[in-house]
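J.: Here it is, the structure, as structure tokens.
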Amino acid sequence: MKFEAPRIRNFVAAGHSGTGKTSLCDLMLFKAKAVDRLGSVDSKTSVSDYTPDEQEKRSSIYAAYLTCAWRDQQFFFTDTPGYGEFVGEVISAFRASDAALIVLDGVQGIEFGTTRAWKFANDFKIPRFFFVNRLDREMADFFQVLEQLQEAYGKTVCIPLTIPVGKENSLSGVINILTEKNPPAEYKEMVEKYHTQLMDTAVESDEKLMERYLEGETLTEEEIARGLHDAIKAGSLVPVFAGSVAKDAGVEELMNGIFNLCQTPLERIRYSADGTEIKPSVDGDAAAFVFKSITDPFIGQMAFFRVLTGSFKSNSDVINLTSGSRERIGQLMILNGKNQIPIDEAVPGCICAVAKLKTTKTGDTIATSANCKAMNPMDFPNAVMAYAISAVKSGEEDKIMTGLHKLCENDPTLRVERDKETHQTLLKGMGDQHINNAVKRLKDLAKVEVNLSTPKIPYRETVTSHGEGHYRHKKQSGGHGQFAEVYLKVDPNEAGYEFVNAVVGGSIPKNFIPAVEKGVLEAMERGPLAGCLVEKMKITVYDGKFHDVDSSEMAFKIAARMAFRDAMAKAKPVLMEPIITARIMFPDTFTGDISGCLNHKRGRILGMEMDEGLQVITAEVPHAEMLKFATELRSITQGRGSFEMEFARYEVVTPMVANEIIAKFQAQNKEEEDL
């Protein structure tokens with residue numbers, strides 16, 4: 001199988017969950033005769049959703065890489081999950097693509113997944129196509145969805161290339177705005193209107209073409225297609241296609257639109273990590289970007305890469321420009337879901353897979369020459385949910401950590417870290433389903449069982465006023481005893497920790513001052529209110545006593561620790577909690593529910609705005625209240641909302657909440673003492 005870069009079209013199918021992306025991809029494969037029978041999500045025969053987890057849920061979890069020949073071109077396209085928790089798969093697929101096919105539901109219209117796909121297309125600077133699917137359903141309305149798109153993204157930007165004939169159950173097909181010469185009478189005026197808009201857009205970027213058009217000359221189909229192609233590439237046109245996968249209406253017209261109007265891989269200019277322009281070519285040194293890697297229990301490590309320039313051959317040597325190591329490429333493969341098709345050569349635009357690369361990971365650049373430039377890695381959003389993870393069986397901790405690190409290498413939206421304050425190992429992800437899916441993969445990969453629990457919140461303690469403390473440590477048990485006496489004072493200090501030695505006259509010898517500070521630092525690791533880290537304090541040691549024989553570093557550490565606790569108790573100590581800034585995106589109809597939920601969580605709404613058809617609330621909320629928010633938001637918005645969050649600062653906990661936390665800590669301490 002041999003490919004030619006000018007004849008390749010590479011795109012990603014994206015959008016909200018439930019819009020029919022997977023069924024559309026299955027139908028395109030069938031129409032192109034890449035498969036013998038039409039795959040179905042419901043009957044678990046989909047080429048795209050082929051894993052047992054996806055078949056069980058009847059929903060995409062992983063991106064599926066697909067290919068087919070259409071007319072005299074080769075399509076490489078990716079079916080992505082619409083569910084927001086698996087956004088890492090979507091980002092990787094966008095990085096590998098030259099265009100975005102955004103699929104919408106003809107009833108629901110713009111949803112969060114639509115806006116997310118639009119944003120990713122902006123971020124990766126690739127053109128967009130809209131396909132309004134499911135127009136055969138009750139309450140479906142293409143022109144209402146078109147109005148939403150034009151309102152959100154521009155009336156002169158979103159222009160239909162096809163419109164539906166009939167509505168809901170009576171949908172019988174689509175009309176091609178450019179090629180239809182004799183539309184039904186009821187559609188004639190509409191076809192003329194959109195035809196004029198498309199022609200105006202097609203000639204805008206070419207003065208000579210515009211002059212000929214304005215003078216009434218008839219433009220050729222090639223000239224019109226070139227003008228539309230340039231407008232789509234520039235982002236001034238986003239064509240809208242109508243159809244129904246269930247009725248096989250409008251899909252062939254969509255495929256022809258991609259065929260005629262989508263840019264080739266040789267047109268896509270990129271920039272390397274150092275800013276060098278990368279202009280693709282079929283000749284010269286080859287470079288490719290590894291946008292995804294997986295660890296398969298049977299195959300081992302497999303890397304997926306997009307060829308940027310030049311060509312790669314099976315059984316050849318390459319350089320990992322990111323790590324500087326050399327790799328041996330074995331058999332190159334292109335994919336149709338789980339089906340692997342061996343190829344001898346990959347050219348710009350090809351999405352390929354290769355097994356058992358030793359050091360190459362997601363985000364790396366591989367090349368045939370060190371003269372090529374490494375590309376920037378991908379940026380992924382912060383995790384929004386965390387669980388404390390622990391081994392069911394003692395002694396399996398190392399196996400669990402090894403497995404988790406492999407999963408995190410494969411999925412950059414998954415993170416594992418050790419919290420130094422709570423001493424818990426945290427598994428962080430984009431939601432409960434994302435994390436549960438990771439745990440299931442961990443079990444298959446490492447053959448271990450784990451427990452998930454709600455993580456502890458890393459509260460902190462500080463003081464709000466001045467306090468002085470004193471402790472005399474004296475112990476005699478035969479032989480040398482222990483003696484030390486320390487006087488110190490504490491004060492609030494926004495700048496952070498500060499230790500001051502104000503001892504004069506040698507009441508505490510200088511060689512014991514470091515021991516005093518060590519004792520203070522040890523006491524600050526576990527505050528008196530709730531056993532939390534103590535911060536933002538100035539500690540001044542100003543007096544004390546020592547004994548020539550019985551004083552020691554240990555004695556002064558103990559005395560300093562107790563004197564600090566005495567001083568802190570007198571300085572009006574308070575509990576502090578982490579505050580996060582959340583940006584929540586959802587359809588406007590849920591504004592009241594979201595606002596009420598945030599108020600219930602002690603949140604402060606900082607602002608509200610509309611962003612590309614969705615309501616966006618920015619709020620500050622205590623981290624403790626956001627542990628399950630991903631699940632709550634999904635329930636409130638019926639899966640049509642999403643959010644991102646980042647740490648803002650620590651704030652004093654309200655007295656009522658603080659009392660509950662302190663009481664719980666004291667009760668746990670009492671239980672431990674009783675044991």
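Each value in this text was obtained by applying a stated rule to the coordinates, not by laboratory testing. Bear in mind that the values here come from a model prediction, so they are computed numbers and not experimental data. With ideal geometry, Cβ positions are generated from the backbone for all residues, glycine too; neighbour counts draw on all protein chains shown.
J.: With N residues in the stretch 576-656, what two-decimal value do you get for its Cα radius of gyration over 2.2 N^0.38 Å? Kindly include the intermediate steps, with their values, before the conclusion.
T.: Values: Rg = 12.4 Å, N = 81, 2.2 N^0.38 = 11.7 Å.
Scaled against compact globular proteins, the figure is 1.06.
J.: Using the alpha-carbon atoms, what tilt in degrees (0 to 90, nearest 10) does helix 655-674 show relative to the longest principal axis of the chain?
T.: Roughly 60 degrees between the two axes.
J.: Considering the dipole of the chain built from charges on the beta carbon (Lys and Arg +1, Asp and Glu -1) around the Cα centre, which of GLY641, VAL463, ASN133 is farthest to its positive end?
T.: The residue sitting most towards the positive pole is VAL463.
J.: For the stretch 424-491, rounded, prolate or oblate, judged on the Cα gyration tensor with a ≥ b ≥ c (square roots of eigenvalues), a/c < 1.5 rounded, else prolate if a/b > b/c? List each step's numbers first, then the result.
T.: Values: a/c = 7.65, a/b = 2.26, b/c = 3.38.
It is oblate, given that a/c is not under 1.5 and a/b is not larger than b/c.
J.: Using only the alpha carbons of the stretch 1-66, determine the length spanned along each of the three principal axes and report them from longest to shortest in whole angstroms.
T.: Here the Cα extents, ordered largest to smallest, are 38, 26, 18 Å.
J.: Helix 432-446: angle to the longest alpha-carbon principal axis of the chain, degrees 0 to 90, nearest 10?
T.: 80
J.: Sort 45-57, 249-261 for me by packing, meaning the mean count of neighbouring Cβ atoms within 10 Å per residue, highest on top. Working shown, then result.
T.: Numbers: 45-57: 17.8, 249-261: 21.0.
In decreasing order of mean packing, 45-57, 249-261 become 249-261, 45-57.
J.: Pop the C-beta distance of ARG37 and ASN382 into the FRET formula with R0 = 35 Å and round what comes out to the nearest 0.05. Before the final figure, lay out each step's value.
T.: Working: r = 43 Å, r/R0 = 1.22.
The computed FRET efficiency comes out at 0.25.
J.: Grab the Cα-Cα distance for SER316 and THR454, subtract it from 0.36 nm times how many residues apart they are, and report the gain in nm with one decimal. Working shown, then result.
T.: On the way: separation 138, 0.36 × 138 = 49.68 nm, distance 4.86 nm.
44.8 nm is the gain from fully extending SER316 to THR454.
J.: I've got another one for you. Can you tell me the mean projection area, over all orientations, of the convex hull of the stretch 617-675's alpha carbons? Units nm², please.
T.: Working: hull surface 24.6 nm².
For the stretch 617-675, the mean projected area of the Cα convex hull comes to 6.2 nm².
J.: How would SER59, SER281, SER172 line up from fewest to most surrounding beta-carbon atoms within 10 angstrom? All intermediate terms of the calculation are to be shown ahead of the outcome.
T.: Values: SER59 18, SER281 15, SER172 11.
Ascending number of Cβ neighbours within 10 Å: SER172, SER281, SER59.
J.: When each pair of different Cα atoms in the stretch 230-326 is counted once in the 1/r mean, what is the Kirkwood radius in angstroms, to one decimal? Write down the numbers at each step before the final one.
T.: Numbers: mean 1/r = 0.0584 Å⁻¹.
When all Cα pairs of the stretch 230-326 are included, the Kirkwood radius is 17.1 Å.
J.: When a footprinting reagent is the concern and you count Cβ atoms within 10 Å, what order do THR589, THR115 take, fewest first? The partial results should precede the final answer.
T.: Numbers: THR589 10, THR115 23.
Exposure proxy ranking, most exposed first: THR589, THR115.
J.: Tell me the volume per residue, in Å³, of the convex hull enclosing the alpha carbons of the stretch 271-367. Before the final figure, lay out the partial values.
T.: On the way: hull volume 9.0 nm³, N = 97.
For the stretch 271-367, the hull spanned by Cα atoms encloses 93 Å³ per residue.
J.: Round to a whole angstrom and tell me the spacing of the C-alpha centers of the stretch 415-451 and the stretch 80-140.
T.: Using only Cα atoms, the two centres lie 29 Å from each other.
J.: OK, next. Please provide three numbers in whole Å: the alpha-carbon extents of the chain along the principal axes, with the largest listed first.
T.: Between the extreme Cα coordinates on each principal axis of the chain lie 108, 58, 51 Å.
J.: Under a no-solvent Debye model with one identical scatterer per Cα of the stretch 385-453, what's log10 I(q)/I(0) at q = 0.12, 0.14, 0.18, 0.20 Å⁻¹?
T.: These q points yield log10 I(q)/I(0) values of -0.25, -0.35, -0.59, -0.74.
J.: Related question: Please arrange LYS193, LYS670 by counting, for each residue, the other beta carbons lying within 10 Å of its beta carbon, fewest first. If you can, show how the numbers build up before the last one.
T.: Details: LYS193 13, LYS670 10.
Taking fewest neighbouring Cβ atoms as first place, the list is LYS670, LYS193.
J.: For the stretch 63-75, just list the computed ³J(HN,Hα) in residue order, Karplus coefficients 6.51, -1.76 and 1.60, θ = phi - 60°, integers in Hz, with x standing in for Gly and Pro.
T.: Working through the residues one at a time gives 6, 10, 9, 10, 8, 7, 8, 10, 6, 10, 10, 10, 8 Hz.
J.: Let me ask something else about it. If the chain between LYS474 and LEU219 were fully stretched, how many nm would it gain, using 0.36 nm times the residue separation less the Cα-Cα distance?
T.: Numbers: separation 255, 0.36 × 255 = 91.80 nm, distance 10.14 nm.
Net length gain for the segment: 81.7 nm.
J.: Determine, for each peptide in 87-94, 624-631, 594-601, the mean count of other beta carbons within 10 angstrom over its residues, then list the peptides with the highest first. Display every interim value, and only then the final one.
T.: Details: 87-94: 24.1, 624-631: 18.5, 594-601: 15.9.
Peptide ranking by packing, descending: 87-94, 624-631, 594-601.
J.: Scan around LEU161 for amide H atoms under 5 Å from its own, H built in the peptide plane at 1.01 Å from N, and keep only partners 5 or more places away or cross-chain.
T.: For LEU161, the qualifying residues are VAL240, PHE241.
J.: Taking the Cα centre of the chain as origin and charging only Cβ (+1 Lys, Arg; -1 Asp, Glu), how large is the dipole, in debye to the nearest 20? Intermediate values should be presented prior to the final figure.
T.: On the way: 79 positive and 95 negative charges, 404 e Å.
With only Lys, Arg, Asp and Glu charged at Cβ, the dipole is about 1940 debye.
J.: So if I place +1 on the C-beta of Lys and Arg and -1 on the C-beta of Asp and Glu, and nothing else carries charge, what would the dipole magnitude of the stretch 271-367 be about its Cα centre? I want it in debye, nearest 20.
T.: Details: 10 positive and 10 negative charges, 75 e Å.
That gives a dipole near 360 debye.
J.: Ratio of the stretch 67-148's C-alpha Rg to 2.2 N^0.38 Å, to two decimals? Can you show the working numbers first?
T.: On the way: Rg = 13.8 Å, N = 82, 2.2 N^0.38 = 11.7 Å.
Dividing the Cα Rg of the stretch 67-148 by 2.2 N^0.38 Å gives 1.18.
J.: At 1.002 mPa s and 20 °C, plugging the Kirkwood radius over alpha-carbon pairs of the stretch 465-571 into Stokes-Einstein gives what diffusion coefficient in µm²/s? Walk me through the numbers before you get to the answer.
T.: Working: Rh = 13.7 Å.
In µm²/s, the coefficient rounds to 157.
J.: Let me spell out the model: positive unit charges on the Cβ of Lys and Arg, negative unit charges on the Cβ of Asp and Glu, origin at the Cα centre of the stretch 400-452. What dipole size does that give, in debye rounded to 20?
T.: On the way: 9 positive and 8 negative charges, 28 e Å.
The dipole magnitude comes to about 140 debye.
J.: So, in Å, what gap is there between the alpha-carbon centers of the stretch 317-357 and the stretch 530-547?
T.: Here the answer is 60 Å between Cα centres.
J.: Going down the table (LYS358/LYS428; LYS474/LYS536; LYS44/LYS440), which pairs top 23 Å between alpha carbons?
T.: Those over the limit are LYS358/LYS428; LYS474/LYS536.
J.: Positive end of the charge dipole of the stretch 465-571 (Lys, Arg +1 and Asp, Glu -1 on Cβ, about the Cα centre): tell me which of PRO509, GLN476, LEU533 has its Cα farthest that way.
T.: GLN476
J.: What is the angle, in °, between the Cα long axis of helix 142-153 and the longest principal axis of the Cα atoms in the chain? Nearest 10 is fine, range 0 to 90.
T.: 50
J.: When the chain is fully extended, how far beyond the present Cα-Cα distance does ASP432 get from TYR542, taking 0.36 nm per residue of separation? Please report the intermediate quantities before stating the final value.
T.: Values: separation 110, 0.36 × 110 = 39.60 nm, distance 5.24 nm.
So the chain would gain 34.4 nm between ASP432 and TYR542.
J.: Roughly how far apart, in whole Å, are the Cα centres of the stretch 596-613 and the stretch 168-245?
T.: Using only Cα atoms, the two centres lie 41 Å from each other.
J.: As an exercise, take the mean of 1/r over every pair of distinct alpha carbons in the stretch 97-224, invert it, and state the Kirkwood radius in angstroms. Before the final figure, lay out the partial values.
T.: Details: mean 1/r = 0.0619 Å⁻¹.
Taking the inverse mean of 1/r over all distinct Cα pairs, the stretch 97-224 comes out at 16.2 Å.
J.: I'd like to know which of PRO81, LEU178, VAL165 lies farthest towards the positive end of the charge dipole of the stretch 40-196, counting +1 on Cβ of Lys and Arg and -1 on Cβ of Asp and Glu.
T.: Ranked along the dipole, the leading option is LEU178.
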